[in-house]
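Heads up: the structure comes next, in structure tokens.
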Amino acid sequence: MPDILALTAPQNVLPAFTQHCALLGHHEHQLALILAGEAQPALHKLTLSAPVQAIQFPQAHSNWLMASFSTSGAISPYLHQSRLSVAALGHCDEHASWCQRYQLLPSASLSQLVTAMLASELNDGQTLASSLHQLATTLSGHYAVIVQDQLQPQYLYALQGGLGLWVGQEDGLRQICTTSAKAMRQSANSAYEMKPQEVVRFGLSQPTFIAADESTAPISMSSGKQIQVPHHMLDEIQSQTHTLAAQVDRYHSGKLFSTALLAKLSALRSITLVASGSSFHAAMIASYWLEQLGGCKVQVELASEYRFREVHPAPDEMLIGISQSGETADTLEAIRLAQRKGAAQTVALTNAPGSTLTSLCDHTLLTESGHELSVSSTKSFTAQLLLLYQFALALGQARKALSSEALQTAEQQMRRLSAAVQTTLEHSKEIRRWASELHRKANLFVIGRHAMYPVALEGAFKFKEVAYQNATGYAAGELKHGPITLIDEELPVIACLPWNEHAERMLSNLHEIRSNHGEIFVLSDGNLASSERFHVIHMPTGLGNLSPITYVIALQLLAYHCALQRGNVIDTPRNLQKARTS
Ligand code: BG6
């Protein structure tokens, strides 16, 4: 998972940094860091292979450093005129118009943009503290920023706009990072999670809040142990603000799709998506985007079925294997079969670089959501979705199926995504309340229409995987063709109801459920009020086609809380493995 981080220490900070790198999990990482020792600060880029054992640093000693980690190298701190060092992660609203205002290319990174904004304030005679407060009030979005100014090299500054940023200290070592609780839990004695609009200054002395007029106030830090997250699944659900913001950044870096892959898109006649489990649901959701935004015919296939069929791949068909692990036997065999039958263009969409799937396929699309420790997919699932959405946009452009207005709208929606995910997570209390009722039920229905149908399937799948509840996902329009007979007081229905052109029909489905005495739990961005046996959680608005991501996150959280209240083991559910290799 991409991260930004800064460390300071009275002694050489590099050994502590090496330890930090060792926490990175199983991916190869591109590390970009600004180091300053006796010499001027300089930017260095290195590749780390995990597990990290030894790192050859370009210099032997440094009291502070600022670093970014990502698997693509798309995120990097920015060094301006050997004076300002800025590491920024996430995105801001109106990125392109801010870039234009500061005479930057629209593809400028957030670090470059923040640097330009701060440099302009400093040139106008402002202090760094007031410039940072100004930044925090003008820039909306979902981001975290760490800054160092060579004119006062003893200090680093940090602020966050909705993306978690943690200050920690352990003996003389001070650290600030976006790694959520993980790194802090393992290494910091005391820690503090920053809030939006706060600016923190830290160096060799205690970290403090600093106001625009440079007055300081102490930070009350709590024990690092108090920020433990009880389960990897919850940690991974919560980290989606962060993983998705970074994925939006990667899209804007323009480096997401290789030229070789882009060159294939205009001539395609159809796309086949083949996958298992949650990845199959991601494929189903993406099929709506690939048809609508990409203007292409799409088939979605269950790998475990496809691999035993007499398939006839066409030369102008692209086969995309989706697997977060890249090792699921059914998906690998499906790709092998298609290749034997003449499939000419294969793509691996995975979270695992170097996996068998990537070695089988002609092209690779990497989700960079970081190693997922819980067996049930959460952050890797939404990373698949966002990457497939971005692929649909690339497809639509290559095939001239997408107007520039539609592209602009889609990109605006993407920029809102991380904040919308945060808003969804803030419903945690209501979701827990729903779970206190729902976890007692043996059977549940989850329903939706259009792209919310596979969202319902994935939600139901989560209930089965971790809560061991018999949840069934249905296309809401199918209820009347049979399953409506099962509706009664004992069978709650969870409904995904975005306020779009399908809402009317969905409401009439809910009406029918009510008249059969069903209890309904609705996730909706519509103006609905809760009433007896009709419970509403209000979802964020303005996401358009991307709303499946927030709805699925609400369902992940709901299934998690049901599992918790049922007393289940969360991260390693019975009978399940992360990837079925046989
Ligand atoms: C199963 C897991 O074994 O594999 C599911 O239990 C997962 O959670 C499925 O969705 C497919 O995995 P992958 O790695 O191919 O996406």
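The numbers here are math on the coordinates, done by the rules we state, and not lab data. Treat the numbers as computed from the prediction; the structure is a model and nothing was measured. Note that we place each Cβ from the backbone using ideal geometry, even for glycine, and neighbour counts take in every protein chain shown.
In degrees from 0 to 90, rounded to the nearest 10, what is the angle of the helix 379-398 Cα long axis to the longest principal axis of the chain? The helix 379-398 is inclined about 80 degrees to the chain. Our Cα-only numbers for the chain put the radius of gyration and Dmax at 24.3, 77 Å. Against the chain, whose longest principal axis is taken from its Cα atoms, helix 547-565 shows a tilt of about 90°. Remark on the stretch 427-565: Rg and Dmax equal 13.3, 36 Å (Cα only). If the chain linking residue 93 and residue 308 were pulled fully straight, counting 0.36 nm for each residue of separation and taking away their Cα-Cα distance, it would gain 72.6 nm. Checking the Cα-Cα distances for 297/480; 297/400; 441/464; 379/400; 195/462; 264/400 against a 21 Å cut-off, the pairs over it are 297/480; 379/400; 195/462. Per-residue ellipticity at 222 nm from helix content only, as computed over the chain with -39500 (n - 2.57) for each DSSP H run of at least four residues, stands at -11000 deg cm²/dmol.
Gain on full extension, evaluated as 0.36 nm per residue between residue 499 and residue 54 minus their Cα-Cα distance, stands at 154.9 nm. If you average the sequence gap of Cα pairs under 8 Å that are 6 or more apart and divide by the length of the stretch 3-228, what percent do you get for the contact order? Here the relative contact order equals 18 percent. Here each label is just a point 7 Å from Cα along the line to Cβ, and for residue 404 and residue 336 those points are 4.9 nm apart.
Relative to the current alpha-carbon distance between residue 212 and residue 565, full extension at 0.36 nm per residue lengthens the span by 122.5 nm.
For the stretch 56-97, backbone nitrogen atoms closer than 14 Å to the point 7 Å from residue 412 Cα along Cα-to-C-beta are found at 93-97. Both radii were evaluated on the Cα set of the stretch 233-422; the Rg over Rh quotient, with Rh as the Kirkwood radius, amounts to 0.95. Note on the chain: with charges restricted to the Cβ of Lys and Arg (+1) and Asp and Glu (-1), its dipole about the Cα centre is near 800 debye. Placing +1 on each Lys and Arg Cβ and -1 on each Asp and Glu Cβ, with no other charges, gives the stretch 280-392 a dipole about its Cα centre of roughly 60 debye.
For the peptides 145-157, 84-96, residues were scored by their other Cβ atoms within 10 Å and the scores averaged per peptide; the highest-first order is 84-96, 145-157. Compared with the dominant principal axis of the Cα atoms in the chain, helix 329-340 is inclined by about 80°. Put simply, when 293-306, 161-174 are sorted by average Cβ atoms within 10 angstrom per residue, most first, you get 161-174, 293-306.
Normalised by residue number, the volume inside the convex hull of the Cα atoms of the stretch 3-228 is 113 Å³ per residue. Sorting 526-537, 444-455, 344-355 by their mean Cβ neighbour count within 10 Å, with the most densely packed peptide first, gives 444-455, 344-355, 526-537. Distance between the C-alpha centres of the stretch 259-295 and the stretch 95-142: 37 Å, rounded to the whole angstrom. Label separation (residue 151 vs residue 262): 4.0 nm, computed from points 7 Å beyond Cα along the C-beta direction.
Overall, the stretch 233-422 carries a charge dipole of about 480 debye about its Cα centre when +1 sits on the Cβ of Lys and Arg and -1 on the Cβ of Asp and Glu, all other atoms neutral. Placing unit charges on each Cβ (+1 for Lys and Arg, -1 for Asp and Glu) gives the chain a dipole about its Cα centre, and among 152, 322, 292 the Cα reaching farthest toward its positive end belongs to 322.
Antiparallel as a % of all DSSP beta bridges within the chain, to the nearest 5?
60
Placing a pseudo-label 7 Å from each Cα along the Cα-to-Cβ vector at residue 140 and residue 11 gives an inter-label distance of 4.8 nm.
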